[in-house]
Each structure stands twice: as C-alpha cells, then as structure tokens.
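**Student:** Have a look at this one before I ask anything.
The values are calculated or read from the model by the stated rules, or taken from the named source; none is laboratory data. None of these values were measured; they are calculated from a predicted model. Every residue, glycine as well, gets a Cβ built from its backbone with ideal geometry; the counts of neighbours run over all protein chains shown. Ligands, DNA and RNA are excluded from the accessible area calculation, which covers all protein heavy atoms including side chains. Shrake-Rupley method; radii C 1.70, N 1.55, O 1.52, S 1.80 Å.
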Amino acid sequence: MNAVATSPLHLARTAAVFTCILAALAGLMFGLDIGVIAGATPFIQKEFQISDQVIEWIVSSMMLGAAVGALGASWMSSLLGRKRSLILGAVLFVAGSLLCGGAASAQVLVLARFVLGLAIGIATFTAPLYLAEVAPEKIRGAMISLYQLMITIGILVAFLSDTAFSYSGNWRWMLGVIAIPGALFLLGLFLLPDSPRWLMMRGRTQDAREVLRRLRGEDALVEREMADIAEQLGTPQRGWHLFLENRNFRRSVGLGVLLQLMQQFTGMNVVMYYAPRIFENIGYDQQAQLWFTAMVGLTNVLATFIAIGLVDKLGRKPILYAGFAVMSLGLGVVGTMMHVGMTTHAEQLFTVVMLLVFIVGFAMSAGPLIWTLCSEVQPLKGRDFGIGCSTFTNWIANMVVGATFLSLLHGIGNAATFWLYAGLNLVFIVLTIWLVPETKGVTLEQIERNLMAGLPLRRIGTSAADTRRIS
Ligand code: BGC
C-alpha cells in the first residue's frame, strides 16, 4: 500500500476534508429551501384558492424566520457550540419540511415556512463559521467556495424534484420530500467533531487538542494552531460596544449591510422564487415553465465555477462590475421584450436566454463574492457582530424582494418591474466604484489596520507597501 496515502498527515487531511464536506451540506439545505417553493406555488394557489398576496406571504415567511434564526444563532453558537447549533437547525429543518407537506391551510403553511426559515438562518450563520474554524488554512478558501456551490446545487435539486412531482401536481410531496436529505444531514452531523476554537473558548483545551490532532495529524501544527487560537481569544468580541464607540467599525458594519442589500436587490431571488410565473408571462405552459426553471438552476450552478476560478486572479471589483453590467443588460432586455410583446417562438426563446444571461451575471459575481467580502471587511474584535448584521440584512432584504414581486407586477406591470431591477444593477456599479474595497491578496490584519486608520472604505484593501507610498 502507498505509504503517503496512510501517513498520519494524509489521514488527517482526509478527515478534515470529510468534516468540511459534511458541514458544507448545510449549504445544500439552504439551497433546497430557497428553490423548493418556486415550482410548488402554482399548485398551492389552485388548491387553497388564495390571492397573490397570500402567496407572497407563504414565500417570504421563510425569510423572516431566517432573519430571526441568524440573529439567534450568533448567541446560540457560542452558548451551545457550533455542532449542537447545526443539529438544532437540522431538526427544525426536518420538522418544518414535514409540517409544510402536511399543511391543512395557507396559514399553517406560512407558519411551517417560518420554522424552515429558522433552520436556515441558524445554518447560514453557523456553517461558514464552523468551516472557517475546522478547515486547514491552505484549503480554507476552497472550502468556503464549496459551501456556495452547495447552495446552488441545492436550488437545482429542488427545481428538478419540483419538475418531477409537477406531473402529478403534488405540491405536498415537493415540500415534504426535502425532509429526507434533511434527516440524512442530521445523522451525518453526529459524526462531526466540536470546533476546536469553540472548545478553547469554553476552556476545554485538552478536548480541542484531541480534535486538532485528528484533523491536522502533526503535533507541531496542532500546537501552532492552538497558540494562534489562544492569541485570537485574547481579543474579546465586543461588537455592540465597539459599534457605539468606534466610527470606523460603524463604517465596516455599514459596508457589510450595503453589500448584502446590493446582492438582494439585484433581483436574483425574484427568479429563484417566481421563475415559473415569469415563464408563464413569457407564454409557456406549465411543463415548459418547470423545465426552464430547472435550466435556471443548472445555469446558476455552472456559472458559480466562473467566480471560483477568477476571484483570486482578477480580484473582487472587476468581477462585480462585469456581473452587475451583465445582470442589468439581461433584465433590461427581458423587460423590453415584455414591453413590446412576444409573438414568435424565437422571441420567446430569446427572452429566456436573456433571463439566463442575468443568472450567469449573478452566479459569477454577487452570489459568492458578497459573502466573501462580508467576512473580509470586519475587524476581528467585531467580526461576529458585523457578520451577524450583514447576514440579518441579507434575509430581511430577501424577504422584501420576495414579498413585493407579484405586487410590483400588478402595480407597475411586467416590463417596468424588470427595468426597475435593471436600473438598480446600474446604480450598484457606481456604488462598487465608490465604496467597495478590493481585498484580493491582502491579509485580514492589513484590511483591519487600514479601516481603523480611517482610510476611505474603497481603499481599505490597499496593501501595506501601497499605504506607505500614499502617506
Ligand atoms: C444568495 C441567495 C440566493 C442564492 C442564489 C446566495 O448567495 O444569498 O439569496 O438565492 O445565492 O444562488
């Protein structure tokens, strides 16, 4: 047998990657939850005979739950630990899915979606935190991207499963069946070790050492990482106080909030939640609507690889400019086609392609990059608080987008709704030029130093050498 393959270092690397993949499956749950509702709403509306307003509530109660869950998770993950928080999230996920599948009325469905939201809020806060704490430094970036990829795969799987169940029109199975991956995820979570950083926070140094030995395999590495964690823990998290007393920290929290507002007001989730309705407006029947929706999901997965491949080469800002421009173009053309009306097959297909162009624009840029930037711009002392605020904003803005789309269609019409989002994407190019820093290849410590020295936000990613030159 190959000696390298069985060396302690190799075994530890395998254990660490396995642990990360398992934790990243939380992203899959996130995606399943986002994607599952699009295909189900037409059938729910038919069965319960409810208005578009009630449908908007069913869609967006999940986001409200997620916002509450994300807030609670920052407190819970330090009290109960990351692993137990994830377990609680998975239990709520299974319960929420079953409750959705069995809902006897629209009101119960709103409540069940709120419970699902709590689960996802907990997962979206805890899983990236856990991943960052257990992944070996060299593959940390790749492991966080893996989480993003899992989200898009979850959305695709939900779209495909919706399409399969659409032939029988059984929305209860669409919503209930995701309890199965949820239950498997729950079982898998019991195999995870506790996060070493959390164990040390609780004073359980020996337990932390044992976990790290399993994941790193070499005593020198273990001791170095433990020393690093101990040093970091010497900087207490004092988010709220820092927010009140430090203007520079208020600026980075504001930037995180703005970034997530930008991500959500690109309009991406309009397509995630209402794709079949959009394809209906283009003129397709129910089966075609669901197949095109599945195509949206596939495009979303594939285009995420563009971001993963380019982010450390081209940097964050050029990719964001390109992404917002592509999104604005895609939505602008979709709006125009809706305005002039589509009479031929070719015109309909062209409109679908432009909607897919919009999806590519999001998945190659704002989708993954906003999450990356949000975790990079906060100073260590206020990182949990800062990321908590931006994640909360993501879900509230997500809810506003989900809760207003159908009303916008009724109020200002199809074309103007898409033009509105196209216009917002143009505004985001200006905001990116003006306020967003380039953080490629700069250490988090340097970003923090620049922020605290009062540099304009767009310059906090300047490297140490450049900072000296400027001053
Ligand atoms: C966003 C979600 C969105 C998903 C689509 C994520 O980065 O936060 O709101 O539904 O991407 O892939």
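**Student:** By the gyration tensor of its Cα atoms, with a ≥ b ≥ c the square roots of the eigenvalues, what is the shape of the range 386-448: rounded for a/c under 1.5, prolate for a/b over b/c, or oblate?
**Tutor:** Note, shape of the range 386-448 comes out oblate.
**Student:** Okay, moving on. Residue by residue, what Karplus-based ³J(HN,Hα) values in Hz, rounded to whole numbers, does the range 417-430 have, using 6.51, -1.76 and 1.60 with θ = phi - 60° and x for Gly and Pro?
**Tutor:** After applying 6.51 cos²θ - 1.76 cosθ + 1.60, I find 4, 5, 5, 4, 5, 4, x, 4, 4, 5, 4, 5, 5, 4 Hz.
**Student:** Convert each backbone phi in the range 95-103 into a coupling constant with the Karplus relation 6.51 cos²θ - 1.76 cosθ + 1.60 (shift: θ = phi - 60°), then list the ³J(HN,Hα) values in order as whole Hz, x for Gly and Pro.
**Tutor:** 4, x, 5, 5, 4, 4, x, x, 4
**Student:** Hey, another quick one. Rounded if a/c is under 1.5, else prolate if a/b is larger than b/c, else oblate: which is the range 40-109, with a ≥ b ≥ c the root eigenvalues of its Cα gyration tensor?
**Tutor:** Because a/c hits 1.5 or more and a/b exceeds b/c, the range 40-109 counts as prolate.
**Student:** Related question: What accessible area per residue comes out for the range 1-70, rounded to a whole number of Å², with a 1.4 Å probe?
**Tutor:** Solvent-accessible surface per residue comes out at 39 Å².
**Student:** Follow-up question, since we're still on this one. Quick one: divide the alpha-carbon radius of gyration of the range 214-266 by 2.2 N^0.38 Å and tell me what you get.
**Tutor:** 1.78
**Student:** Percent of accessible area on the range 313-471 owned by carbon and sulfur, 1.4 Å probe? Mind dumping the intermediate values first?
**Tutor:** On the way: 4510 of 6450 Å².
Of all accessible area on the range 313-471, carbon and sulfur atoms account for 70 percent.
**Student:** Right, another one. Net charge near Phe125, counting Lys/Arg +1 and Asp/Glu -1 over other residues with Cβ under 11 Å of its Cβ? Write out the running numbers ahead of the final one.
**Tutor:** On the way: positive: Arg82; negative: Asp384.
Residues close to Phe125 contribute a combined charge of 0.
**Student:** Also: Using a 1.4 Å probe, how large is the accessible area of Lys46, given in Å² and rounded to the nearest 10?
**Tutor:** 130
**Student:** If each DSSP helix of 4+ residues adds -39,500 (n - 2.57) and the sum is divided by the residues in the chain, what number results at 222 nm, nearest 500 deg cm²/dmol?
**Tutor:** Rounded to the nearest 500, the figure is -28000 deg cm²/dmol.
**Student:** Also: Tell me, which longest segment in the chain has none of the chymotrypsin sites (Phe, Trp or Tyr not before Pro) that fall in DSSP loops with at most 16 further Cβ atoms within 10 Å?
**Tutor:** Of all site-free stretches, the longest is 191-471.
**Student:** For the Cα atoms of the chain, what angle does the longest principal axis make with the long axis of helix 316-340, in degrees from 0 to 90, nearest 10?
**Tutor:** Helix 316-340 sits roughly 10 degrees off the main axis of the chain.
**Student:** Relative to the Cα centre, what is the charge dipole magnitude of the range 83-227, using +1 at the beta carbon of each Lys and Arg, -1 at the beta carbon of each Asp and Glu, and rounding to the nearest 20 debye?
**Tutor:** Computed charge dipole of the range 83-227: roughly 160 debye.
**Student:** From the mean inverse distance of alpha carbon pairs (Kirkwood) and the Cα radius of gyration, derive Rg over Rh for the range 312-471.
**Tutor:** Radius of gyration relative to Kirkwood radius: 1.07.
**Student:** Starting from the amide H of Glu438, placed 1.01 Å from N in the peptide plane, find each other amide H under 5 Å away whose residue is 5 or more places distant or on another chain.
**Tutor:** It is Gly461, by chain and number.
**Student:** Just to confirm, what accessible area per residue do you get for the range 149-221 at 1.4 Å probe, in whole Å²?
**Tutor:** 45
**Student:** Let me ask another. Taking 8 Å as the Cα distance limit and 6 or more residues as the minimum spacing, I'd like the relative contact order of the chain as a percentage. Each step should come with its number before you reach the end.
**Tutor:** Values: 754 pairs, mean separation 98.8, N = 471.
Reported relative contact order: 21 percent.
**Student:** Another question about this same structure. Take the alpha carbon gyration tensor of the range 131-219, find the square roots of its eigenvalues, order them as a ≥ b ≥ c, and report rounded if a/c is under 1.5; if not, report prolate when a/b exceeds b/c, else oblate.
**Tutor:** Prolate.
**Student:** Which whole-number percentage describes the relative contact order of the range 288-397, with Cα contacts under 8 Å and a sequence gap of 6 or more?
**Tutor:** Value for the range 288-397: 34 percent.
**Student:** Once you keep just the Cα pairs under 8 angstrom separated by 6 or more residues, what percentage relative contact order results for the range 356-471? Numbers along the way, then the final one.
**Tutor:** Values: 62 pairs, mean separation 27.3, N = 116.
Value for the range 356-471: 24 percent.
**Student:** Further question: When 1/r is averaged over all different Cα pairs and the result inverted, which Kirkwood radius in Å belongs to the chain?
**Tutor:** 23.0
**Student:** Under the Karplus relation 6.51 cos²θ - 1.76 cosθ + 1.60, θ = phi - 60°, what is the ordered set of whole-Hz ³J(HN,Hα) values for the range 348-364, x standing for Gly and Pro?
**Tutor:** 4, 5, 4, 5, 4, 4, 5, 5, 5, 4, 4, 4, 4, x, 6, 5, 7
**Student:** Which order do you get for Cys389, Cys20 if you rank them by accessible area with a 1.4 Å probe, largest at the top? Mind showing how you got there, number by number?
**Tutor:** Numbers: Cys389 35, Cys20 0 Å².
The ordering from most to least exposed comes out as Cys389, Cys20.
**Student:** A further question on this structure: Mind listing which trypsin sites (Lys or Arg not before Pro) in the range 206-258 are in a DSSP loop and have 16 or fewer other Cβ atoms within 10 Å?
**Tutor:** Hits after loop and neighbour filter: Arg238.
**Student:** If you average 1/r across every pair of different Cα atoms in the range 264-345 and take the reciprocal, what Kirkwood value do you get, in Å?
**Tutor:** Computed over the range 264-345, the radius equals 14.4 Å.
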